[in-house]
Amino acid sequence: ALELKPDEPDLLAEMGEALMYAGRFDDAIRQINRAIQLKDGKPPYWYLWNRARVHYMSMKYQDALDTIATIKDPPADVFLITAASKARLGDIQGARDDMAIFTRSDPDWSVAKSAHYRYVNDSDRQHWLEGLRLAGLKEK
């Protein structure tokens, strides 16, 4: 698809997410950053959500938080990332507070549902799920 339209920012950002699930974090960041650049630094929030998630997965928790902080009026779903990142950084109360914001918007979401996403490396899946557990997301 990139051969047909190599500078399509939405495609680049989507591919960045796919690369994250494949465990190719550096490639994912490059794709997403290119997409952001093509949007003149004014991307839709989900580009930043994807970039923050890649930062989390590559254990750059503060970078994940810093990325989310650039989103104006963030939707509640980004608090899943901030909660897991804060938990990994040892800010358990901040993580629980953010998880409460997320859970109010999606009370049925759980660790079990998060486990359904397809990761190439199970260690990456477990890293994400453990962060959610540390932040207080319910199991089922």
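At a glance:
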read-out	value
Inter-part distance where the range 35-61 and the range 81-114 are each reduced to a Cα centre, Å	19
Protein accessible area in the chain, 1.4 Å probe - carbon and sulfur %	51
Helix axis angle, 92-105 relative to the chain longest principal axis, alpha carbon, degrees	70
Two-decimal ratio, the range 1-136, of alpha-carbon radius of gyration to 2.2 N^0.38 Å	1.03
Lysines whose Cα lies under 24 Å from that of LYS42, excluding same-chain neighbours fewer than 8 positions away	LYS5, LYS60, LYS72
Scattering profile of the range 88-140 at q = 0.15, 0.16, 0.21, 0.22 Å⁻¹ [log10 I(q)/I(0), Debye over alpha-carbon scatterers]	-0.41, -0.46, -0.76, -0.82
Solvent-accessible area of LYS138 with every protein chain in place, 1.4 Å probe, in Å² to the nearest 10	80
Under Karplus coefficients 6.51, -1.76 and 1.60, residue-wise ³J(HN,Hα) of the range 72-79 in Hz, glycine/proline x	6, 6, x, x, 4, 5, 5, 6
Computed [θ] at 222 nm, helices only, for the chain once each DSSP H run of length n ≥ 4 contributes -39500 (n - 2.57)	-19500 deg cm²/dmol
Whole-Hz couplings from phi, Karplus 6.51/-1.76/1.60, listed for the range 48-54; x for Gly and Pro	5, 4, 4, 5, 4, 5, 5
The range 12-66: proportion of alpha-carbon pairs further apart than 19 angstrom, %	16
VAL120-TRP46 FRET efficiency (beta carbon distance; Förster radius 35 Å; 0.05 resolution)	0.95
For GLN62, net neighbour charge (Lys/Arg +1, Asp/Glu -1) across residues whose Cβ lies under 13 Å away	0
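The values are calculated or read from the model by the stated rules, or taken from the named source; none is laboratory data. Only a predicted model underlies this, so the values are computations on that prediction, with no experimental measurement involved. Positions of Cβ are generated from backbone atoms using ideal geometry, with glycine treated the same way; all protein chains shown enter the neighbour counts. What goes into the accessible areas is simple: the full protein's heavy atoms, side chains included, and nothing from ligands, DNA or RNA. Shrake-Rupley method; radii C 1.70, N 1.55, O 1.52, S 1.80 Å.
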